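Below is one structure; the comments refer to it alone.
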Amino acid sequence: MANRNQETKRRIPGRKLLSAAAAAALCAGAGAAIAATPKNALVMAWNIDAISTFDPAQVGEVVTNEILQNTCDTLVDFDPADERKVVPSFASRWDVSPDRKEITFHLQKGAKFPSGNPVTAEDVAWSMHRVVKLNFGNAATLTEYGFTKDNVEKNIVAGPDTLTFKLDKPYPTTLVLQAIAANRVSMVMDKKTLLANEQGGDLGNKYLATRTACVGPYKLTRWNAGESIVLEANDNYWGKAPALKRVLIRHVAEPGTQRLLLSQGDVDVARDLTPEDLRDLESSKDIAIEKVLRPQLFYWGFNVADGPFAKEKVRLAMRYLIDYEGLGKTVMTHLGVPRASFAQLGAVGALDEKEGQPFKLDLDKAKQLLTEAGYPNGFEASVLFGTLPHANPIAQSVQQNAAKVGVKLSLERMANAQLFSKVRGREYQSAMLAWQTGVPDAHGNASRLVFNPDNRLEAKQTQYPSWRAAFQDLELNKQIDAALLEPDAAKRDALYATIQKEVMAKGPMAFMFQMNSVAGVRKDLKSWTWNGFRTYYERAAK
């Protein structure tokens, strides 16, 4: 594997070659011959420049998570046909104790890592222990359910071909399976290989910066940063072999170039097309537009530490400045659907479409609320946003509506990394950005977007967007704890319904849209399969 400097040096020539190919094709026009991707390969164009590591304990980017999901088995998996259900993966089945505090997974037998090392129950347990011990952001996925550095080795225990979770509370079993056993924190890592390449007690973290060491249907064979990724089918895989032997992901940042490559047949799938591209491709006889709702929300967040956004009625007034319907029919066509509740559509406990979207553009209502809040003549505030293509037009729409009720919003666009840094440091008045949960359950977002365990500035609970907003409501914290442990499904849904309605009235975030995953897919590629939580490369066929 080349080092990062070498990879960076190769990046620019690679892009030049791509641009040259695109330009040549443009000149050739509609009469150009259609290229064809290899019959045994899935070829995608995607902006993959966010990749920085392949360590499941550390990754947070959507693109890296998707690649890991196709190279590293988790204990269970999301059902491709129904993301609210889980199905066996590296665990063939599981048993639950009567008090719901112990789950025992029965593991696949005879599996081998691509290194040739046998996969043992100890590998599975150690993989999860290292996530907690390394204490990157993904450790919260386990610590949230009571696993700590001090107890994780006692409470995640390997047996003969089994793994047992010993939980501190009777959490809903399905939620534990979705949140932990189907999450990257349960990916089965090659302990022997990682410890052989350990540096300074890092449990193989640096080794995983450029490679994988796990068991799954594919294995990562090449990553040239800023250029491409190649996955090859794992010939020693314990499960069903993938339909296609190779997956090639080409880094293509520009949507227009992605569209061109897709139209020419140089790629099978384009992942970052604009609404304009998608609209133009709707009538194509060779290309299908595939989309699926994902558990990602685009929202306008407010720092409630001081200033006008500290007042609930001001935050409520801001919701009436959003043209959900108009934006949904223009800027957000294909990209998302209006959604004002923190619980995404499709999640257990989520309000339905109508109840979860009670707002509309209403300047008179906004003006009334501002007056009641003590701002009859409005105020001035800033809105930060990043480089998501829809962020700018949405921010401008809100700015124009706000001006009509006396609220002067100044807009500031910046790199995503800078935006996240400012929001995580509470260095903002308001900001527009996205958040994605990892589970199809209302608790996933309630536990991060509403629940705040410690609102002190020095607590630096930056993994909680509620903390970033300086928002803490102790009564809502109690309600969320109660809903989490409620054993009756109907009562649990009712508790979440109450929480959602209360948060829509006074929460620190005006949720605007639930996003889609959208792709242009050539019709000669069969069985493109995805849901909100996974894309299944191994099912794609030609």
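Tabulated values for the structure
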read-out: Meets criteria (within 20 Å of residue 66 (Cα to Cα) and surrounded by fewer than 23 Cβ atoms within 10 Å (Cβ to Cβ)) for residue 213; value: no
read-out: Residue list for segment 357-375, filter: of a type in the set (Gly, Ala, Ser) and surrounded by 18 or more Cβ atoms within 10 Å (Cβ to Cβ); value: 366, 373
read-out: Residue that is least open to solvent (accessible area, probe 1.4 Å), among those in segment 284-324 that are of a type in the set (Gly, Ala, Ser) and under 29 Å from residue 346 (Cβ atoms); value: 301
read-out: Test: residue in segment 460-473 that is assigned to a loop (DSSP other than H, G, I, E, B), open to solvent by 10 Å² or more (accessible area, probe 1.4 Å), among the hydrophobic types (A, V, I, L, M, F, W, C) and over 22 Å from residue 140 (Cβ atoms); value: no
read-out: Whichever residue in segment 336-348 is in contact with a helix residue (DSSP H, G or I) (Cβ under 8 Å, 6 or more places away or on another chain) and surrounded by 23 or more Cβ atoms within 10 Å (Cβ to Cβ) and, among such residues, is nearest to residue 80 (Cα to Cα); value: 347
read-out: Selection within segment 407-427 - among the hydrophobic types (A, V, I, L, M, F, W, C) and loosely packed, with under 14 Cβ neighbours inside 10 Å; value: 415, 417
read-out: Pick from segment 422-454, criterion in a helix (DSSP H, G or I) and not small (Gly, Ala, Ser), ranking: nearest to residue 294 (Cα to Cα); value: 445
read-out: Pick from segment 376-387, criterion aliphatic (A, V, I, L, M) and closer than 18 Å to residue 404 by Cβ, ranking: surrounded by the most Cβ atoms within 10 Å (Cβ to Cβ); value: 383
read-out: Contacts under 6 angstrom Cβ, first residue in segment 504-526 being within 16 Å of residue 258 (Cα to Cα), partner part of a strand (DSSP E or B) and acidic (Asp, Glu), 6 or more apart; value: 519/290; 521/290
read-out: Residue that is most open to solvent (accessible area, probe 1.4 Å) [pool: residues in segment 90-135 that are part of a loop (DSSP other than H, G, I, E, B) and closer than 20 Å to residue 178 by Cα]; value: 98
read-out: Residue ID - nearest to residue 238 (Cα to Cα), chosen from residues in segment 75-132 that are acidic (Asp, Glu) and in contact with a strand residue (DSSP E or B) (Cβ under 6 Å, 6 or more places away or on another chain); value: 77
read-out: Residues located in segment 187-211, provided they are β-branched (Val, Ile, Thr), within 26 Å of the chain's Cα centre (by Cα) and within 18 Å of residue 125 (Cα to Cα); value: 188
read-out: Pair list, Cβ under 6 Å, 6 or more apart: segment 85-102 residue within 13 Å of residue 161 (Cβ to Cβ), other residue among the acidic types (Asp, Glu); value: 90/73
read-out: Looking only at segment 431-458, and only at residues there that are of a type in the set (Asp, Glu) and open to solvent by 10 Å² or more (accessible area, probe 1.4 Å), the one that is farthest from residue 421 (Cα to Cα); value: 454
read-out: Residues that are closer than 13 Å to residue 298 by Cβ and open to solvent by 50 Å² or more (accessible area, probe 1.4 Å), drawn from segment 388-406; value: 388, 389, 392
read-out: In segment 39-80, residue farthest from residue 178 (Cα to Cα) [restricted to those that are open to solvent by 50 Å² or more (accessible area, probe 1.4 Å) and modelled with pLDDT of 95 or more]; value: 39
read-out: Condition check for residue 148: farther than 25 Å from residue 441 by Cα and either part of a loop (DSSP other than H, G, I, E, B) or open to solvent by 20 Å² or more (accessible area, probe 1.4 Å) (or both); value: no
read-out: All positions within segment 202-233 that are under 17 Å from residue 128 (Cα atoms) and either in a strand (DSSP E or B) or of a type in the set (A, V, I, L, M) (or both); value: 203, 208, 213, 214, 215
read-out: Every pair of residues 6+ apart whose Cβ atoms lie under 8 Å, when the first sits in segment 259-274 and is on the phi > 0 side of the Ramachandran plot while the second is open to solvent by 30 Å² or more (accessible area, probe 1.4 Å) and part of a loop (DSSP other than H, G, I, E, B); value: 265/34; 265/35; 265/36; 265/286
read-out: Test for residue 278: is it in contact with a helix residue (DSSP H, G or I) (Cβ under 8 Å, 6 or more places away or on another chain), open to solvent by less than 50 Å² (accessible area, probe 1.4 Å) and of a type outside the set (Lys, Arg); value: no
read-out: Matching entry among 409, 369 (being touching a Leu at 6+ places or on another chain (Cβ under 7 Å) and not β-branched (Val, Ile, Thr)); value: 369
read-out: Pairs with Cβ under 9 Å, 6+ apart, first in segment 186-207 and closer than 13 Å to residue 54 by Cβ and without any contact (Cβ under 8 Å) to a residue 12 or more places away in the chain, second among the small types (Gly, Ala, Ser) and open to solvent by 50 Å² or more (accessible area, probe 1.4 Å); value: 206/200
read-out: Which listed residue is touching a strand residue (DSSP E or B) at 6+ places or on another chain (Cβ under 6 Å) and either open to solvent by less than 20 Å² (accessible area, probe 1.4 Å) or outside any strand (DSSP E or B) (or both), from 175, 195; value: 175
read-out: Filter result (over 27 Å from the mean Cα position of the chain (by Cα) and assigned to a strand (DSSP E or B)) within segment 151-162; value: 157, 158, 159, 162
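The values are calculated or read from the model by the stated rules, or taken from the named source; none is laboratory data. Because the structure is a prediction, the values reported are computed rather than measured. Positions of Cβ are backbone-derived with ideal geometry, glycine not excepted, and every protein chain shown enters the neighbour counts. Ligands, DNA and RNA are excluded from the accessible area calculation, which covers all protein heavy atoms including side chains. Shrake-Rupley method; radii C 1.70, N 1.55, O 1.52, S 1.80 Å.
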